[in-house]
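Engineer: Take a look at this one; I'll ask things after.
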């Protein structure tokens, strides 16, 4: 029996994705949703591979982020959200045309793309405030399209993450600064 046999490949992919999620400090419930592994299996995976090697790698507890206002809280977070949403869209984690069909549910292939997108985002913005858990929530919310959506700045058209029904026209950081200096 070889570990590369087809019947083991899906299980190996699940374990590799779970390890990748653990390295990004994902919560157990998030890993379970994206890999299908049990909570016990995820904890054992962490203890076996990451607890000794990465003592500074925290395990977050509690509920995953779920407030859309986080992404529009400040101009910096708006800008970071736009960069992350761009990468998520370019890699196909978030569908380009708005709401997705049933193929956009959590899964192994989409989870790999999500990790790639987050890693590219962190390479672009090393001091970013958005955590992996928030990135998962952003990808899910943009895919569903019921609370957040991709939109454009009302002045220059640059990509923004906006609430589904914004109270005022959305402006990017550059245009917000220009409008304040004019006023």
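Engineer: If contacts are Cα pairs under 8 angstrom and at least 6 residues apart, what is the relative contact order of the stretch 6-49 in percent?
Structural biologist: 37
Engineer: Fully extended, how many nm does the chain gain between residue 144 and residue 173 (0.36 nm per residue separation, minus their Cα-Cα distance)? Intermediate values should be presented prior to the final figure.
Structural biologist: Numbers: separation 29, 0.36 × 29 = 10.44 nm, distance 2.56 nm.
Stretched fully, the residue 144-residue 173 segment lengthens by 7.9 nm.
Throughout, read-outs are computed from the coordinates displayed, never taken from laboratory work. Only a predicted model underlies this, so the values are computations on that prediction, with no experimental measurement involved.
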